[in-house]
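I have placed the structure first, in the form of structure tokens, so that the comments after it can refer back to it.
The values are calculated or read from the model by the stated rules, or taken from the named source; none is laboratory data. Since the model is a prediction, treat every value here as computed from it, not as a measurement. Positions of Cβ are generated from backbone atoms using ideal geometry, with glycine treated the same way; all protein chains shown enter the neighbour counts.
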């Protein structure tokens, strides 16, 4: 066997508390939050003088996790426009299955989320949309209909 599971996805942010609030509103649970620094992390990520705060969040089913990191040193850099379109190379979005897509969009909008396109229906199977949250993070939402 080559892998056991996908453990987490890392998202580097400038405002850790805003990002935590956004993902908690989405329905994720905060597992832990705290500082990370020291030679061991510098060796793993290939940067010197690392001081960061991280938060680990998990989906309610316990199978998916997101790690949020806010770097104090070295300062984070932006590799692309903040509001990069969905066809930009690299990781573009994280998709979540939800029960009530309109409710989730409304709740996330109180945290600054905006629709990227429109809420659309795919055949009789799904209602789907993308929202842009903090740091320009694109989150896909899918409500299964049948």
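Here is how the numbers come out for the structure above:
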{"read-out": "Boolean, residue 80 is surrounded by 11 or more Cβ atoms within 10 Å (Cβ to Cβ) and assigned to a helix (DSSP H, G or I)", "value": "no"}
{"read-out": "Qualifying residue in region 18-27 (condition: under 12 Å from the mean Cα position of the chain (by Cα), at pLDDT below 95, surrounded by 11 or more Cβ atoms within 10 Å (Cβ to Cβ) and under 24 Å from residue 109 (Cβ atoms))", "value": "no"}
{"read-out": "Residue identified as assigned to a loop (DSSP other than H, G, I, E, B), in the same structural domain as residue 26 (by TED's automatic domain parsing) and over 16 Å from the mean Cα position of the chain (by Cα) among 99, 61, 124", "value": "61"}
{"read-out": "Within region 101-115, tally of residues that are under 19 Å from residue 19 (Cβ atoms), out of contact with any helix residue (DSSP H, G or I) (no Cβ under 9 Å at 6 or more places or on another chain) and crowded, with 17+ Cβ neighbours inside 10 Å", "value": "1"}
{"read-out": "Residues of region 69-100 satisfying the condition of being within 21 Å of residue 16 (Cβ to Cβ) and touching a strand residue (DSSP E or B) at 6+ places or on another chain (Cβ under 8 Å)", "value": "69, 70, 71, 72, 73, 76, 83, 91, 93, 94, 96"}
{"read-out": "Enumeration of residues in region 70-82 that are in contact with a helix residue (DSSP H, G or I) (Cβ under 8 Å, 6 or more places away or on another chain) and either under 10 Å from residue 12 (Cβ atoms) or in the same structural domain as residue 28 (by TED's automatic domain parsing) (or both)", "value": "70"}
{"read-out": "Test result for residue 29, touching a strand residue (DSSP E or B) at 6+ places or on another chain (Cβ under 6 Å) and farther than 14 Å from residue 74 by Cα", "value": "yes"}
{"read-out": "Hey, residue 65 within 23 Å of residue 6 (Cβ to Cβ), crowded, with 16+ Cβ neighbours inside 10 Å and touching a strand residue (DSSP E or B) at 6+ places or on another chain (Cβ under 6 Å) or not", "value": "yes"}
